[in-house]
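Heads up, the thing below is written out as structure tokens.
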Amino acid sequence: MAEPTRRKSEDIPVLDIENLAVAYKVRGGEVEAVQNITLDIKKGESHGIVGESGCGKSTCAWAIINFLGANGYVKRGSIKFQGKNLVGKKGEELRRLRGDQIAMVYQDPMQSLNPSMLLGDQLKEVLTVHQGMSNSQAEKDCIRMLEKVQMPDAANVMRRFPHQISGGQQQRVVIAMALLNNPALLLMDEPTTALDVTVEAAVLDLIADLRKEFNTAIMYITHDLGVVARVSTKVGVMYAGEMVERATVEELFKSPQHPYTQGLMRCVPKLGTDRSSSILYPIPGRVPPPDGRPAGCVFWPRCDYVRKRCREERPKLRSIAGTETWVRCHFSEDIDMGSWEPPEDLVVPGTVPKKEVDETILEVKGLKKYYRVRGNSLKDVFGMGEKQYVKAVEHASFKVPRGKTLGIVGESGCGKSTLVKTIIGLEHATDGEARFLGFDITNSISARDRKLIQELQMVFQNPDSTMNPSYTVGQQIARPLKRFNVMPKEKITDEVLRLLRSMRLGEKYYDRLPRQLSGGEKQRVGIARALASHPDLILCDEPVSALDVSVQAAIINLLLEIQEEFGTTLIFISHDLSVTRFFSEYVCVMYLGQIMELGPAEEIYAPPYHPYTEALLSAVPIPDPTAKQKRVRLQGVVPSAIAPPSGCRLNTRCPRREMLPDPDICLTDPPWREVHPGHHIYCHIPLDELRKIDPVVSIKEVNHAG
Amino acid sequence: MLVKDYMSRHPFMLEEDSSIVEAQSYMSEVHVRHLPVVGDGKRLLGLITRETLMIEPGSLDSLNVWEITRYLSGMKVKKIMIKARDVITVDETAAIEDAALLMIENKIGCLPVLSGRVVVGMMTQEDLLVQLCRLLVTRRPGLRVSVSMPDKPGETKKLMACVEKQGWEIQSMGGMPDLRDDTRYSTMVKIIADVSMEDVQETINQIEGHEVRDIRETQ
Ligand SMILES: Nc1ncnc2c1ncn2[C@@H]1O[C@H](COP(=O)(O)OP(=O)(O)O)[C@@H](O)[C@H]1O
Ligand code: SF4
Ligand code: SF4
Ligand SMILES: [Mg+2]
């Protein structure tokens, strides 16, 4: 006898969207932000929605709860929740559904929290006001739910205000609040995008557990293929307002059918695969705006397989025979991802190994940066309190050889940005040495020689913040050229045009204003500006974090190309360990102001690991649902940098401390253990013990994109 | 084995202001026979069943077709539902056998499952049958053996020890008092082993007072 079959009523999806189109009324007409969306989510399923920004992911979620704003409306199709059509439902019933049965978690937790109300009161309100529960019972239930979302010190958190806890904790409170109602449907729009990988990993674990325990149907929106591989059972890929592919998570990653899905997979580096096999291939062009979509297939202007029919006839979402996969492409059966060849005009840098050079361009020794802070007590206000310091960078030492890239990784607040700001001279070092081209650079920028400033440039995460909004692109790039007298005045325009071309922007961008550029284009201008003075060293602070994956790949390739051509040295800060690995020859892992491990990239990503490196690697979402990844999670939260733990700063959270016969030794400074010359680990655990630890990631399949 | 582990979570529900026409079509749309009616915070207000929706044809005798339509479309769920205080419910922390007893004693087919006053699930007779099935079904081929033994402490242990000694694997086991003989107890064991039916029968019959009443292969 087999398992009893599921009953008909169990097969009715919690959410069933059919042929949905949502339009926004705009000046002079309306735009259809999404079209022809069909999907269903059953109990206990987690349906990922992935795609680049502007593809209409959020619009789908908002349509469900009718949060489309004053100008948005459902133009066609139906949205059934538990078998009832929600389209056109208003008033009481919709409000009750939204409150009691459908919950939404946004990227920014503060969108759901009241800043001036105690967290405990906000949580309890859900139970006391709506469910009529007594205050004391509600208190107990809320604490239990906070514990379920792994909130440290739950009872205490109840008596705090939102701003008194970290962003990751706020997001957990929001998830706990959503779950108190035991919703049948949970909509999550990029809920971990603003969080550190370690926190993200914990939240994703939690979502997987909750889905099983509460049998909740989850719609999970993200731009991150790694995240989608980890949380979803099914995935829908959106492009330009349409769903172009829908499949189980295994199928989607094993044999993506739509050229766009295949292109996305080629854009992202994958941890665990050989570095040389993971060349990034950006998708040319960009997502068209809703009012600029081409006739025929929306993807054709960017598709490598486009034919006549694609330009004329819009493909329907159709199922691929013998699979559960749906795809919106005329020719997917004929397309074999394995035999894809990069277009000939695509420049793919980084394939030739760099020349070995011995010259050290930057050397930092015992560098320290403390920020003076004022406490809140009355004494402090009158300047009588004890002086307090944020110990942002402690005793950092490393060398960077000319022409190479040093990647710096670590959670937010670990001192990455302070370190590069000190090097570039935006901050004055508290102590220690830093030499660039043999010159002392512990002073701040105002005291530096102009020549030195010219040789040291920076690219920021958010290029907006450094661009004058009323200057054209041409003027922005010309400024450093003039300032550093790089060339005679009359040649400047030509040089700017040359830089624009090398950024693949073209001359037509010369007269554009920053607001007329997309994120990726702005970042190209930022890079062109940094390059203008022909610097020897460029510091990049999260230069691609705010960009979509296809754009990200293009920018990374561009930086690599520049490096190849000019022999520029790069320092590359990133929270993304896959990107860093792809990009860097050397990696420096920081935690709470301390360097924990430093060495050649290949060695950092393989045992022996520093316990912190191991935890970081274990948290990285890998765009491959079959990848085996060890689960090593840090306990608790990052302690305050004003009073960091003594000895090894990781000792309050270290998952490997118990390997030591006397864990108390971690309260003293660990030794720098040398794995090889140039690879060091800062930990009390002997190397032989660390070597016994298994690799974090193992991927069995070959990368078909390679 | 508690109700909360086996109930259907996130049941279909109705609002008290829905019309009975809506209720009727919703019921057939989602293939259920019972719908809890809830208010704010999913608090239980009542229950609609197939039976509550049966309208006594006699009561419509005096009306013509148009009047019937108007009469029915104006009628709200709250008017005909079984009110919360009369609905038999079970708490999510109850044992499943208690839920079964409640249904048998009250001759009802379904129980709204509550946590406090909030509806968190539904438990139907069918759910219970499904669980019974799961309890007894094997996932691998094996032998299903019914053994009759004296109804006294220590007898099950003897059977277990015997099976253990042979190195056979027990996949599942269940028992209940013999309904025809109150001195005996019937136990059903599922054995997975590379062994013939005869061998099993013979081995178990050797335990004093034990007797194989039925043995068969299962897939
Ligand atoms: N309130 C609005 N008015 C007009 N257009 C909008 C509005 N909100 C979103 N859009 C447009 O709809 C499209 C889809 O946006 P969105 O759903 O936010 O995509 P995603 O979540 O995938 O980034 C975009 O082109 C966006 O500019
Ligand atoms: S329909 Fe044509 S243009 Fe569109 S994805 Fe398929 S092959 Fe490419
Ligand atoms: S020194 Fe101790 S606390 Fe620090 S990483 Fe090593 S084992 Fe962990
Ligand atoms: Mg969005």
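Just so it is clear, none of the values below were taken in a lab; they were calculated from the coordinates. Computed from a predicted structure; not experimentally measured. Counting neighbours? That spans all protein chains shown, and the Cβs are built from the backbone with ideal geometry, glycine included.
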Restricting attention to region A:529-547, which residues are under 15 Å from the mean Cα position of the chain (by Cα) and surrounded by fewer than 24 Cβ atoms within 10 Å (Cβ to Cβ)?
-> A:ASP541, A:GLU542, A:SER545, A:ALA546, A:LEU547
So is A:ILE279 surrounded by fewer than 23 Cβ atoms within 10 Å (Cβ to Cβ), free of Cβ contacts under 8 Å to residues at least 60 places away in the same chain and away from ligand 1 (no atom under 16 Å from the Cβ) or not?
-> no
Among residues of region B:28-52 being buried (at least 17 other Cβ atoms within 10 Å of the Cβ) and part of a helix (DSSP H, G or I), the residue farthest from the other protein chains (Cβ to nearest Cβ) is B:THR52
Within region A:550-576, can you find the residues that are over 15 Å from the mean Cα position of the chain (by Cα) and farther than 25 Å from A:MET590 by Cα?
-> A:ALA554, A:ASN557, A:LEU558, A:GLU561, A:ILE562, A:GLU564, A:GLU565, A:PHE566, A:GLY567
Could you grab me the full set of residues in region A:147-180 that are of a type outside the set (Asp, Glu), part of a helix (DSSP H, G or I) and more than 24 Å from A:ARG96 (Cα to Cα)?
-> A:LYS148, A:ALA154, A:ALA155, A:ASN156, A:VAL157, A:PRO162, A:HIS163, A:GLN164, A:GLY167, A:GLY168, A:GLN169, A:GLN170
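Using the structure shown, decide if B:MET103 is under 24 Å from A:SER9 (Cβ atoms) and buried (at least 16 other Cβ atoms within 10 Å of the Cβ).
yes
Could you check region B:54-110 for helices (runs of 4 or more DSSP H) lying wholly inside it with 2 or more residues that are out of contact with any strand residue (DSSP E or B) (no Cβ under 9 Å at 6 or more places or on another chain) and either touching a residue at least 24 places away in the same chain (Cβ under 8 Å) or of a type outside the set (A, V, I, L, M) (or both)? Working first, answer last.
On the way: elements: B:65-74, B:77-80, B:96-106.
It comes to B:65-74, B:96-106.
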Is it the case that A:GLY72 is of a type outside the set (Val, Ile, Thr) and away from every other protein chain (no Cβ under 12 Å)?
-> yes
Does A:ASN181 satisfy being over 28 Å from the mean Cα position of the chain (by Cα), away from chain B (no Cβ under 14 Å) and either touching a residue at least 12 places away in the same chain (Cβ under 8 Å) or more than 16 Å from ligand 4 (Cβ to nearest atom) (or both)?
-> no
Select, from A:SER58, A:SER46, A:SER9, the only residue that is within 15 Å of ligand 4 (Cβ to nearest atom) and of a type in the set (Gly, Ala, Ser).
-> A:SER58
Pull up region A:170-197, narrow it to residues that are surrounded by fewer than 24 Cβ atoms within 10 Å (Cβ to Cβ) and of a type in the set (S, T, N, Q), then point me to the one that is nearest to ligand 1 (Cβ to nearest atom).
-> A:THR193
Conditions (1) within 16 Å of A:LEU179 (Cβ to Cβ); (2) within 11 Å of chain B (Cβ to nearest Cβ); (3) polar (S, T, N, Q); number of the one not met by A:SER112 = (2)
Test set (1) among the aliphatic types (A, V, I, L, M); (2) within 14 Å of another protein chain (Cβ to nearest Cβ); (3) within 23 Å of A:PRO269 (Cβ to Cβ) - A:ALA247 fails condition number | (2)
Can you name every residue in region A:41-63 that is within 14 Å of chain B (Cβ to nearest Cβ) and within 16 Å of ligand 2 (Cβ to nearest atom)?
-> none
What is the number of the single condition among (1) out of contact with any Phe, Trp or Tyr (no Cβ under 8 Å at 6 or more places or on another chain); (2) in a helix (DSSP H, G or I); (3) more than 21 Å from A:ASP536 (Cα to Cα) that A:GLY474 does not meet?
-> (1)
Residue satisfying all of: in region A:641-663; out of contact with any Gly (no Cβ under 9 Å at 6 or more places or on another chain) and in a helix (DSSP H, G or I); nearest to ligand 2 (Cβ to nearest atom) among these = A:LEU650
Taking A:GLU32 as the residue in question, decide whether it is within 14 Å of chain B (Cβ to nearest Cβ), in contact (Cβ under 8 Å) with a residue 24 or more places away in the chain and not basic (Lys, Arg).
-> no
Go through B:GLN131, B:GLN125 for me and flag whichever is in contact with a helix residue (DSSP H, G or I) (Cβ under 9 Å, 6 or more places away or on another chain), of a type outside the set (Lys, Arg) and free of Cβ contacts under 8 Å to residues at least 40 places away in the same chain.
-> B:GLN125
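One line per residue, one yes/no per condition, for (1) acidic (Asp, Glu); (2) surrounded by fewer than 24 Cβ atoms within 10 Å (Cβ to Cβ):
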site	(1), (2)
A:TYR586	no, yes
A:LEU592	no, no
A:LEU598	no, no
A:GLU602	yes, yes
A:ALA615	no, no
A:SER618	no, yes
A:THR626	no, yes
A:VAL632	no, yes
Quick one: how many residues across region A:440-471 are part of a helix (DSSP H, G or I), of a type outside the set (S, T, N, Q) and more than 27 Å from A:ARG515 (Cα to Cα)?
-> 7
